[in-house]
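Beneath this line is the structure, given in structure tokens, with notes to follow.
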Amino acid sequence: WARGADGGEQRVLSIVTESQLAVDEDKKYTWPAYAAQAWSRFRCPAYVLVVTVDASVAHWASQPIAISPGCGTWQPLVFGPQSIPKVTDPVFAHAHPELAVLSVLAHANASGAEGEAMVRAMPAALEALDAPTGRA
């Protein structure tokens with residue numbers, strides 16, 4: 001939402017968010033429909049944001065989708081492990097708890113000192129989360 005010239009609020013962007021745990025070829029047909037429906041309903045630019053913690057799923061999801069031959073392609077925005085920093089600093093984790101939790105999930109297979117540092121940063125992140133956010 002943004003404030004328009006008349007002082008009223010207007011929609012400026014719609015984001016349909018979907019968690020994707022595995023490759024699902026049906027999504028190549030539904031994601032563009034999600035974006036089109038949000039665009040039509042809310043009368044503003046619309047995106048589909050695919051969130052995944054699996055690098056191979058992120059790669060698959062980021063491939064362009066040919067809607068009509070010769071008319072270009074469409075693709076979702078993809079937020080995968082390559083887009084998520086490894087949060088290892090407890091001070092940063094406390095300041096950005098949601099990102100720290102997502103970091104641990106995205107990089108769960110990290111080993112060695114880096115993996116251990118991410119786990120050690122988690123108590124600071126969890127301490128910073130309020131009860132409603134922590135349950136979500």
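Quick look at the values:
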{"read-out": "Residues within the stretch 78-107 that are surrounded by fewer than 16 Cβ atoms within 10 Å (Cβ to Cβ) and under 15 Å from Ser19 (Cα atoms), tallied", "value": "2"}
{"read-out": "Asp6 vs. criteria under 27 Å from Leu105 (Cα atoms) and surrounded by fewer than 16 Cβ atoms within 10 Å (Cβ to Cβ)", "value": "no"}
{"read-out": "Residue list for the stretch 72-92, filter: closer than 18 Å to Ala110 by Cβ, of a type in the set (Val, Ile, Thr) and touching a Ser or Thr at 6+ places or on another chain (Cβ under 6 Å)", "value": "Ile84, Val87"}
{"read-out": "Given (1) at pLDDT 95 or above; (2) exposed (fewer than 15 other Cβ atoms within 10 Å of the Cβ); (3) out of contact with any Phe, Trp or Tyr (no Cβ under 9 Å at 6 or more places or on another chain), number of the condition Leu21 does not satisfy", "value": "(1)"}
{"read-out": "Residues of the stretch 29-55 satisfying the condition of being more than 21 Å from Val101 (Cβ to Cβ), surrounded by 15 or more Cβ atoms within 10 Å (Cβ to Cβ) and either in contact with a helix residue (DSSP H, G or I) (Cβ under 9 Å, 6 or more places away or on another chain) or aliphatic (A, V, I, L, M) (or both)", "value": "Trp31, Ala35, Ala38, Ala46, Tyr47, Val48"}
{"read-out": "Cβ-Cβ under 6 Å pairs, at least 6 apart or on other chains, the stretch 36-49 side closer than 18 Å to Ile65 by Cα, far side open to solvent by 20 Å² or more (accessible area, probe 1.4 Å) and not in a strand (DSSP E or B)", "value": "Ala46/Trp39; Val48/Tyr34"}
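The values are calculated or read from the model by the stated rules, or taken from the named source; none is laboratory data. Keep in mind it's a predicted model, so treat the numbers as computed, not measured. Please note: Cβ atoms are built from the backbone with ideal geometry, for glycine as well, and neighbour counts cover all protein chains shown. Accessible surface is based on the protein model in full, side chains and every heavy atom, while ligands, DNA and RNA are left aside. Shrake-Rupley method; radii C 1.70, N 1.55, O 1.52, S 1.80 Å.
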